[in-house]
1. Against the definition (part of a strand (DSSP E or B) and farther than 23 Å from residue 125 by Cα), how does residue 47 come out, yes or no?
2. Report yes if some residue within segment 30-41 is farther than 21 Å from residue 126 by Cα, at pLDDT 90 or above and surrounded by fewer than 13 Cβ atoms within 10 Å (Cβ to Cβ); otherwise report no.
3. What number of residues within segment 114-126 are surrounded by fewer than 17 Cβ atoms within 10 Å (Cβ to Cβ) and either part of a strand (DSSP E or B) or within 10 Å of the chain's Cα centre (by Cα) (or both)?
4. Do we have residue 105 as in contact (Cβ under 8 Å) with a residue 12 or more places away in the chain and part of a helix (DSSP H, G or I) here?
5. Collect the residues in segment 67-80 that are surrounded by fewer than 21 Cβ atoms within 10 Å (Cβ to Cβ) and in contact with a strand residue (DSSP E or B) (Cβ under 7 Å, 6 or more places away or on another chain), keeping them in residue-number order.
6. Does segment 81-102 hold any residues that are surrounded by 15 or more Cβ atoms within 10 Å (Cβ to Cβ), free of Cβ contacts under 8 Å to residues at least 60 places away in the same chain and in a loop (DSSP other than H, G, I, E, B), and which are they?
């Protein structure tokens, strides 16, 4: 029974992931195998932090065409990491990859904040 339930959860998660990807707007942009060079809380011009985490990566991975809302190919945002479990998990992945020097892959949807693209998916490679 336990194996059947686990398989059901995996299949359900896969279906939900595919459905959520199909309803999101914006062109998909990707950054391939690159390393994190910095992670910091974003502060606006008044010095206020708003939960966004700003991170930079090496300029050695291949990045698809930049969305029109950004010109910086090595900078990304994690959307309001203070409020959501998904974004907290993304920040955890970034910190782990940074501390171990492991390459990451990033996918965005051409959404930007302050001229920097928001990362939608982050995964770590070996």
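The values are calculated or read from the model by the stated rules, or taken from the named source; none is laboratory data. Computed from a predicted structure; not experimentally measured. Glycine also receives a Cβ, built like all others from the backbone with ideal geometry; neighbour counts cover every protein chain displayed.
1. Values: part of a strand (DSSP E or B): no; farther than 23 Å from residue 125 by Cα: yes.
Here the answer is no, as residue 47 does not meet what is asked.
2. Within segment 30-41, the first condition is being farther than 21 Å from residue 126 by Cα, and the residues that meet it are 40-41.
Going one step further and asking which of them are at pLDDT 90 or above, we end up with 40.
Among the residues that remain, those that are also surrounded by fewer than 13 Cβ atoms within 10 Å (Cβ to Cβ) are: 40.
Yes, there is a match, as at least one residue in segment 30-41 is farther than 21 Å from residue 126 by Cα, at pLDDT 90 or above and surrounded by fewer than 13 Cβ atoms within 10 Å (Cβ to Cβ).
3. Applying the first criterion (surrounded by fewer than 17 Cβ atoms within 10 Å (Cβ to Cβ)) to segment 114-126 yields 114-115, 121, 123-126.
Subset that is either part of a strand (DSSP E or B) or within 10 Å of the chain's Cα centre (by Cα) (or both): 121, 123-124.
Residues in segment 114-126 being surrounded by fewer than 17 Cβ atoms within 10 Å (Cβ to Cβ) and either part of a strand (DSSP E or B) or within 10 Å of the chain's Cα centre (by Cα) (or both): 3 in total.
4. Numbers: in contact (Cβ under 8 Å) with a residue 12 or more places away in the chain: yes; part of a helix (DSSP H, G or I): no.
It is false that residue 105 is in contact (Cβ under 8 Å) with a residue 12 or more places away in the chain and part of a helix (DSSP H, G or I).
5. Taking segment 67-80 and keeping what is surrounded by fewer than 21 Cβ atoms within 10 Å (Cβ to Cβ), we get 67-69, 71-75, 79-80.
Result: 67, 69, 72, 73, 74, 75, 79, 80.
6. 81 - this is the single residue of segment 81-102 that is surrounded by 15 or more Cβ atoms within 10 Å (Cβ to Cβ), free of Cβ contacts under 8 Å to residues at least 60 places away in the same chain and in a loop (DSSP other than H, G, I, E, B).
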